[in-house]
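Engineer: What follows is a structure written as structure tokens; I'll ask about it next.
The values are calculated or read from the model by the stated rules, or taken from the named source; none is laboratory data. In this text, all values refer to a predicted model and were calculated from it rather than measured experimentally. Heads up, the Cβs are rebuilt from the backbone with ideal geometry, glycines too, and the neighbour counts pull from every protein chain shown.
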Amino acid sequence: MSLEQKLTEASGWITARTAIKPAVLIILGSGLGDATSIVSVEKRVSFYDVPHFEESTVEHMEGALLFGTIAEVPVMVMSGRFHLYEGFSAADVAFPVQLARKLGVKIVINTSAAGAANPMLSAGDIMVNIDHLNLTGTSPLIGDECMLFGSRYADQNTIYSTDLLELVKDAAQEIGLPLKIGVLAQIVGPEKETPAELRMIRSFGADAVGMSSVIETIAAAQCGMQVVALSRITDMHGVRVEDNEKMMSKLIEKVVEKLCVKAISNR
């Protein structure tokens, strides 16, 4: 079965179960399960039930799609995600993003947990990604070309939306969050990087390193979606610490509110 056929079947299954027509996809990374509280949920479905979806094996992730609203904006929320280290392919990881585009989504808020590579970052910081390093050795664009979303030779020069970056900066200022700005590197994992690997990643220009986010962002860019990616710095040199989960939830909510205001003003 082709990718287009899989997406048609999956999107048809969803539209038969919810009247929500999402404008924004929110991917909730590790430790952000409670952020679903900001969503007025109309429909919740398990990953397992959606045709052609994989089932996440990460214990602390819900593994569900939520359809509802935030500040009157219709959203699709991934409470959990797929990782390469679970044995999934890059195509598997990208499928939910492509499905969101099939459902009409044009904006992605992609969140993840990451460790600090830049010593100027501290555990608990929230960083907005302005660029990334794909150190996974794979890409969601590998394989048969599906022209449903555009060329496999997707331009990476403007992969992160400058308009959304400014909107996130404004939102962070309004909630009193000292937002950091930097570059995220994605590795496969699941093991943490060695000291030598961390030095190498830092020398490449990365400020933080994680095991997710970049693959989905590449897929979203090919689909012509606007992307903003947020990384919570949750550990320093492999030592896990408390996260800034509540502030990330507030930031996501404020960003969506601003998207609503912007849409109204542009009518």
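Engineer: Could you grab me the full set of residues in segment 180-204 that are crowded, with 19+ Cβ neighbours inside 10 Å and among the charged types (D, E, K, R)?
Structural biologist: 180, 193
Engineer: Could you give every pair whose Cβ atoms fall below 7 Å, whose first residue belongs to segment 105-133 and is closer than 28 Å to residue 15 by Cα, and whose second residue is outside any strand (DSSP E or B) and among the hydroxyl-bearing types (Ser, Thr, Tyr), counting only separations of at least 6 or pairs across chains?
Structural biologist: Pairs found: 110/213; 110/217; 112/212; 112/213.
Engineer: For segment 48-63, indicate whether the set of residues that are more than 14 Å from the chain's Cα centre (by Cα) and part of a strand (DSSP E or B) is non-empty.
Structural biologist: no
Engineer: While we're here: Only one of these is of a type outside the set (Asp, Glu), touching a Leu at 6+ places or on another chain (Cβ under 7 Å) and over 18 Å from residue 139 (Cβ atoms): 214, 228. Name it.
Structural biologist: One residue alone meets the criteria, 228.
Engineer: Among (1) among the hydroxyl-bearing types (Ser, Thr, Tyr); (2) part of a loop (DSSP other than H, G, I, E, B); (3) within 17 Å of the chain's Cα centre (by Cα), there is one condition residue 122 misses while meeting the rest; what is its number?
Structural biologist: If we test residue 122 against (1) among the hydroxyl-bearing types (Ser, Thr, Tyr); (2) part of a loop (DSSP other than H, G, I, E, B); (3) within 17 Å of the chain's Cα centre (by Cα), just (3) comes out false.
Engineer: Okay, moving on. Hey, can you tell me all the residues within segment 19-39 that are closer than 14 Å to residue 70 by Cα and small (Gly, Ala, Ser)?
Structural biologist: 23, 35, 37
Engineer: Among the residues of segment 8-34 satisfying the criterion of being part of a loop (DSSP other than H, G, I, E, B) and among the small types (Gly, Ala, Ser), which is farthest from residue 245 (Cα to Cα)?
Structural biologist: Filtering first and then ranking leaves 16.
Engineer: What do you reckon, is residue 221 touching a strand residue (DSSP E or B) at 6+ places or on another chain (Cβ under 9 Å), closer than 16 Å to residue 110 by Cβ and modelled with pLDDT of 95 or more?
Structural biologist: no
Engineer: Of the residues 87, 115, which is of a type outside the set (A, V, I, L, M, F, W, C) and either in contact with an Asp or Glu (Cβ under 7 Å, 6 or more places away or on another chain) or at pLDDT 95 or above (or both)?
Structural biologist: Unique residue meeting the criteria: 115.
Engineer: Please go through segment 120-179 and pick out each residue that is surrounded by fewer than 14 Cβ atoms within 10 Å (Cβ to Cβ) and among the aromatic types (Phe, Trp, Tyr).
Structural biologist: Passing the criteria: only 153.
Every residue, every condition in (1) of a type outside the set (D, E, K, R); (2) surrounded by fewer than 18 Cβ atoms within 10 Å (Cβ to Cβ); (3) touching a helix residue (DSSP H, G or I) at 6+ places or on another chain (Cβ under 8 Å), yes or no:
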site: 42; (1), (2), (3): no, yes, no
site: 74; (1), (2), (3): yes, no, no
site: 81; (1), (2), (3): no, no, yes
site: 104; (1), (2), (3): yes, yes, no
site: 107; (1), (2), (3): yes, no, yes
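Engineer: While we're looking at this one, here's another question. For the structure I just gave you, tell me whether residue 67 is in a loop (DSSP other than H, G, I, E, B), under 18 Å from the mean Cα position of the chain (by Cα), within 17 Å of residue 98 (Cα to Cα) and in contact (Cβ under 8 Å) with a residue 12 or more places away in the chain.
Structural biologist: Taking the combined requirement at face value, the residue does not satisfy it.
Engineer: If I go through segment 1-32 residue by residue, how many of them are touching a Lys or Arg at 6+ places or on another chain (Cβ under 9 Å) and free of Cβ contacts under 8 Å to residues at least 40 places away in the same chain?
Structural biologist: 2
Engineer: Then there's this: Would segment 49-69 turn up any residue that is at pLDDT below 95, under 23 Å from residue 126 (Cα atoms) and of a type in the set (S, T, N, Q)?
Structural biologist: no
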